Structures are given as structure tokens and as C-alpha cells.
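Please read the structure below before turning to the comments.
The values are calculated or read from the model by the stated rules, or taken from the named source; none is laboratory data. In this text the structure is predicted, and so the values were computed from the model without any measurement. Glycine also receives a Cβ, built like all others from the backbone with ideal geometry; neighbour counts cover every protein chain displayed. Side chains are part of the model used for accessible areas, which takes the heavy atoms of the whole protein and leaves out ligands, DNA and RNA. Shrake-Rupley method; radii C 1.70, N 1.55, O 1.52, S 1.80 Å.
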Amino acid sequence: MHSSAIFLIEFGAIILGLGLLGRLAGRLQFSPIPLYLLAGLAFGEGGLLPLGASEEFVAIGAEIGVILLLLMLGLEYTATDLVSNLKTQYPAGLVDMTLNALPGAALALLMGWGPVAAVVLAGVTWISSSGVIAKVLGDLGRLGNRETPVILSILVLEDLAMAVYLPIITALLAGVSLAAGSVTLAIALGVAGLVLFVAVRYGRVISRFVSSDDPEKLLLVVLGLTLLVAGLAQQLQVSAAVGAFLVGIALSGEVAEGAHNLLAPLRDLFAAVFFVFFGLHTDPQSIPPVILPALGLAVVTALTKVATGYWAARRAGISKKGRWRAGGTLVARGEFSIVIAGLAVTAGIEPQLGPLATAYVLVLVVLGPLTARYTEPIALRLARRGTTSPDAMVAQRSTPAAETLEPVEDSGRDR
């Protein structure tokens, strides 16, 4: 059979399969990311039916998927929002980084993978999944809750930190010297700062230049500009993903909204291809040896994310119910953990890192929606059980009634 025919058959089967898996995930009401990863494992190295003819195209599609993920993320925020969040919520961002990056780094060092792998795994465990969390908030009807701005602020700070983290990890994986790495980081920070400044001061001018009443022209201009900037950023070793993120930030108003609506289907298509591509390059037989470390890391970092959300919501004056909801919502890891791990897999620094990251994300992308839904009722039930223990009942009987009265918390949505 002709090679082009084989390519069309393979790629068509991939897209059709992804569509069916996405429909199945929608009916089961959870993220399709784990199904996409499993599909990649089934048809990749050591899988049931390895693909050949379409692999190169899938690799290019996966790179475009990462770029579109970061572009769409940038379109969600304005430069003013980012600057405001950075000024007011940076303590929560520091707590988030400390509690959630250190377990990943510690595990990599304990397994003898070296400092570069430690920095990579720290990023994998640190960054929550904005896509999964946004969907969960909508599905649970919590977009108007008082704790939701706290959750979004933490996600914004994580996304902004990616603009610094990705150039660092790219330089480390490339094996450049300390001086060259410092230059790369300085360029990245300079470019990010310049884009934020231009976006704040001249965002309307940029948006007016890109704007078009014709959806076709708007799509072509935004997509072309994003790929161009991403390519230039990668050429400067700043990371194509960061370049795309900064383009998204620079656009605002009706242009950002219109571009978001036009690009959403493309993002979903190529993001799905990216997850499949990551699975294609992970041998299923390499997962069992790292499943126990992955499960242990998932449990530890689920607890640290809950602690992060609880602390940040408490700092913002949210009630206990809202604190637990904030913590449980932040547990999910997903697209950006895989993006970070994918850089390391491509660089080939540690063979077991990719399988461990795959198993880790599979666990938490499934567990995340469950913790978002059930952390609050479980925590409150345990708290009530503690107050109804025999010792607590004796203490309560010996306490005057007036001293035991506490304000009753709102059982609603804590608005």
C-alpha cells in the first residue's frame, strides 16, 4: 500500500479514536486526558499496535498542541490581571511552589536521577491542571463561589511562573553552561517583562492591529503570529510555549474573545494529539517498576495541594468549607505536567522519568475531580466525628452553654 494511504489511514484512525474517547469521557463526566494517554500507550513503543507512517506528523501536531495550550491560557488573562495577582497573591504562590515542588525534587534525588531530573520532576508535581480545574469548577457550579478567585489566582501565578521555569529547564536539558543558562534566563525575563509592559501600555493598539471582522482573517493572523513568535522564542532558547503564552497576554478585549472562540477547536484537536504523542513514546512495560513511587508521590502532593488551597483561602478570609473546597480543587495535574515531562523525555535525561510522570498524571487527573467534589464533606464529617468523641462530650458537658456557642457558617456557596 502507498505510504500516503497508510498515513491517512493511521492518522484518521487516531483522530476518530480520540473523538470516541472524548465522547466516552464526556458521558462518564471526567477529563479525557487519561484516556488519551492510555491510547498513546496502546499504540506506541511496546504497545498493542505500534504506529509508523504517521509518527512524524503526530510529533509536529504535538508541538503545535503545546503552543496552542499556552496561547489559549494567555488569552484568559490580561497583563493587568497578571500584574495585580503578582502583587497581591505572591505569598500563596511561594507556599504553592514550596509545598508542591519539593516532593518531586526529593523523590528524583532519592532515586538517584540527578539534579536536572529533580528540577524537572519538581515542575511536574508543582503545576496544577488549569484545563481540568476550570472544567471541574464549571461542572460543580462553583464559578461564583468566594473561594474561586483564590483558586484562579494560584493558577495564574503558576502559569506566570512557567514563563521563568520553562527557559530554565530548557537550558538545563540542553546541557548549556551556567553562563549560557544565565543569559537564556535573562533573555526570557527581559522578553516577558517587555511583553507585559507593552501589553499594559499598548494592548489596545496591538489588539486593533490584529482585529478583523472576518473570522478567517482573524484566525490566520493570530495563529500565524503565535507560531512565528513561538519559533523565534525557541530559536532564542526561551521556549516556544512561553512565546505563545506571551502572545496570548498581549491580546485583549474582543480580539482575545474572538480568537479564543476560533482557536478552541484547534487547541482541543492538537492538545489531544500531544497527549497521544507523549503516550506513544512511553513503553507500557516501563510503568510497573515506577508505579509505587508514582502512587506515593501522588498521595503526598495531593495532600500538599489541599494544604496550599486551604492556607490561601484562609488568608483571604474564606470560611472553612470554602478552604477545603479550594484545596480539593487544586489537586488535579494534567497538561502542563506532561509538557514538562515531555521536554525531559525528548532530551533523554532519565528513561524512567517519562513512565513515572505518565502514571502520576493518570492518577491525579482522575483523582482531582473526586477531591474537588468530596474533600469538603469528608473533612467536615471527620471534624464532627472528632467533636463527638467521648472526651469531647465530657468536656462539652463541663463547659457553660454560653461558651460553646459559635457562629453558624453559611451552608450555601460562601459568596
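Compute the long axis of helix 115-126 from its Cα atoms, compare it with the longest principal axis of the Cα atoms of the chain, and write down the angle in degrees, 0 to 90, nearest 10. Helix 115-126 and the main axis of the chain meet at about 60 degrees. Could you tell me which of rounded, prolate or oblate describes segment 242-339, using a ≥ b ≥ c as the square roots of the eigenvalues of the alpha-carbon gyration tensor, with rounded for a/c under 1.5 and, failing that, prolate when a/b is larger than b/c and oblate otherwise? Since a/c reaches 1.5 but b/c is at least a/b, the shape of segment 242-339 is classed as oblate.
Secondary-structure-derived ellipticity at 222 nm for the chain, considering helices only, amounts to -27000 deg cm²/dmol, per-run term -39500 (n - 2.57) for DSSP H runs with n ≥ 4.
A simple count of charges around TRP311, restricted to other residues whose Cβ falls under 10 Å of its Cβ and scoring Lys, Arg +1 and Asp, Glu -1, yields +2. Multiplying the residue separation of LEU20 and LEU382 by 0.36 nm and subtracting their alpha-carbon distance yields 126.3 nm. Note on the chain: GNM, Cα springs under 10 Å; of PHE197, PHE43, PHE277, the largest mean-square fluctuation is that of PHE197.
In a simple Cβ point-charge model (Lys, Arg +1; Asp, Glu -1; nothing else charged), the chain has a dipole of about 1280 debye relative to its Cα centre. Between ALA312, VAL345, LEU185, the Cα set farthest toward the positive side of the dipole of the chain (charges on each charged residue's Cβ, about the Cα centre) is that of ALA312. Which of LEU94, LEU37, LEU71 ends up with the largest GNM mean-square fluctuation for the chain, with Cα atoms connected below 10 Å? Sorting by GNM fluctuation, first place goes to LEU94.
Just the protein heavy atoms count here, and of the accessible area of the chain at 1.4 Å, carbon and sulfur take up 66 percent. At 1.4 Å probe size, with every protein chain present, just tell me what the per residue accessible area of the chain comes to in Å². In whole numbers, the chain has 48 Å² accessible per residue.
Across the chain, the relative contact order, built from alpha-carbon pairs under 8 Å that are at least six residues apart, equals 28 percent. Most mobile of ARG204, ARG325, ARG267 per a Gaussian network model of the chain (Cα springs, under 10 Å)? Looking only at ARG204, ARG325, ARG267, the largest GNM fluctuation is found for ARG204. Summing +1 for each Lys or Arg and -1 for each Asp or Glu among the other residues whose beta-carbon sits under 14 angstrom from that of LEU68 gives -3. Taking Cβ atoms as reference points and 9 Å as the exclusive limit, the residues near GLY328 contribute a net charge of +2, counting Lys and Arg as +1 and Asp and Glu as -1.
Working from Cα pairs under 8 Å separated by at least six residues, relative contact order for segment 85-139 is 32 percent.
Taking +1 at the Cβ of each Lys and Arg and -1 at the Cβ of each Asp and Glu, which of VAL247, LEU37, LEU102 sits farthest along the dipole of the chain towards its positive end, judged by Cα position relative to the Cα centre? Comparing the listed Cα positions along the dipole, LEU102 ranks first. If only the Cβ of Lys and Arg carry +1 and only the Cβ of Asp and Glu carry -1, the dipole of segment 186-338 around its Cα centre is close to 1020 debye.
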